1. Roughly speaking, to the nearest percent, how much of the stretch 419-478's 1.4 Å accessible area is carbon and sulfur?
2. Fully extended, how many nm does the chain gain between residue 363 and residue 283 (0.36 nm per residue separation, minus their Cα-Cα distance)?
3. How far is helix 370-381 tilted off the main Cα axis of the chain, in degrees rounded to 10, range 0 to 90?
4. By how many degrees, 0 to 90 and rounded to 10, does the Cα axis of helix 465-478 deviate from the longest principal axis of the chain?
5. So if I place +1 on the C-beta of Lys and Arg and -1 on the C-beta of Asp and Glu, and nothing else carries charge, what would the dipole magnitude of the stretch 298-410 be about its Cα centre? I want it in debye, nearest 20.
6. On a 0 to 90° scale, report how tilted helix 446-458 is relative to the longest principal axis of the chain, with both axes built from alpha carbons and the result rounded to the nearest 10.
7. Let me check something: with ligands and nucleic acids excluded, how do 291, 296 order by accessible area (1.4 Å probe), largest to smallest?
8. In square angstrom, rounded to the nearest 10, how much accessible surface does residue 320 have for a 1.4 Å probe?
Amino acid sequence: MEFRTVIGLEVHTQVLTETKMFCGCSAAASDVPNTHVCAVCLGMPGVLPTVNRAAVEKTVMTGLALDCTIPRFNRFDRKNYMYPDQMKGYQISQYELPMAVSGFLDVEVEGETTRVGITRVHLEEDTARLVHRSGPDGDYSLVDVNRSGVPLMEIVSDPDITSPQQARLYLVALRRILRYIGASSGNMEEGALRCDANISQRSEDGLIVGPKVEIKNMNSFRSVERALDYEIERQRAALRNGETLVQETRGWVETQGITVSQRTKEFADDYRYLPEPDLPPVEFDEAWIGMISTSMAELPVARRDRFVADFGLSFHDADVLTDDVIVADYYEQAIASSGGHYREVATWVSGELFALARNRGGFEYVTVTPEHLSEIVTMVASGEINALTGKSVLLDTAESGTAPRQIVMDQGLTQVSDASIVDDVVREIVAANPKAVEDYRSGKQAVVGFLIGQAMKQMRGRGNPDVVRQALLRTLDNT
Ligand SMILES: [Zn+2]
């Protein structure tokens, strides 16, 4: 029997705000537990929450970026449950009336686009963090309330995803958008983005043949893909063997590469949702939504297409440069003063700067300013310095912060294109390497590269490679 896989993703992502969702405490992470707390986020009786305006704006903006409808009214609800990570005994969330509904996100897998529906985007508050320890008197848990009340956005997809790879690329595309519009850092390793997946099997004709299984504990995009791969095989093998699959929640165990049953959902959770009595319903007017829409940054796909159309970049180069909003911004600043060398700047950014970024642990640690990169590219393009010198000047600038032009002047790195100077050097090299010349005569073309290298070394890398090559061939053929 053939099966089709159906996957829906629930993403929880921390909204980038200064303060928490319903109080004035800092939303920043802290190494010192229970320092970003007040009566409201500690759940003291008699206190009243107030809604964080920035969190609402960023959630609406996310909805707009995902082509959602923004209903005129939305409402906060109480989700009641008793657990030590919940100070109040309930979480303020949104249930019946979320902030954004019915959108979509296009996901590209190997050139093919699939439209994944977005069911809803809503706003809620994060819970406290529990730390489990063991001591001489047994196991115990510590509660850190710093995270409690931090704004959290939940983005729920329709069950339109059909493969683990597509699930990963959905997350990549979603995170890119969140970063572009400044709604979230989307950093999964730091817990700023968490993802649960619902996965089930259908028969070829679309009939449901397996129950919906929820997968949790996936800590990276890669582990989402691996966990779903594993789960597909587990579910299909069970169905083929005639075993009964149960609707349950399973946890991904990264070290073993398996999912294990956490709890069985025999009954739907009863959270006894009720409208939050301490907060009025939220009402948006059209003009305000329009304002949010116009203040939204250009989205990744639009920016990529503009890079192709306006700067003559290949689709691949534009895609690489617009993957991270920091890189895209950097590129646009660099080309502003590059005298139209759009493609050359693109090559330098995706080559030399990416290498530098890899060594330093991220593009944000690259210290070369866009203006300095542009200066190097311009000097190379005009023949003032050769590409090799350009690369060493770039590293020098990265270390010292000195302007590239200054480095070139101070160290006398201007490219040597003067034929008489180059000829002298080449003659010297040829005279000093009789064996290589003999090899060349007997047809070994490879020695040409070696002799060019020797000449360049003699000129401290400043020779114009074309002039050196021509001079060398001329000398070899006339000796
Ligand atoms: Zn607080």
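The values are calculated or read from the model by the stated rules, or taken from the named source; none is laboratory data. Keep in mind it's a predicted model, so treat the numbers as computed, not measured. Glycine gets a Cβ as well: all are built from the backbone with ideal geometry, and neighbour counts include every protein chain shown. Only protein heavy atoms, including side chains, enter the accessible area calculation; ligands, DNA and RNA are left aside. Shrake-Rupley method; radii C 1.70, N 1.55, O 1.52, S 1.80 Å.
1. Details: 1800 of 3490 Å².
On the stretch 419-478, the fraction of accessible area on carbon and sulfur atoms equals 52 percent.
2. Working: separation 80, 0.36 × 80 = 28.80 nm, distance 4.04 nm.
Once the chain is fully extended between residue 363 and residue 283, it gains 24.8 nm.
3. 30
4. It is inclined by approximately 30 degrees.
5. Working: 8 positive and 18 negative charges, 34 e Å.
Roughly 160 debye for the stretch 298-410.
6. The angle comes out at about 90 degrees.
7. Details: 291 115, 296 40 Å².
Of 291, 296, the descending order of accessible area is 291, 296.
8. We get 50 Å² for residue 320.
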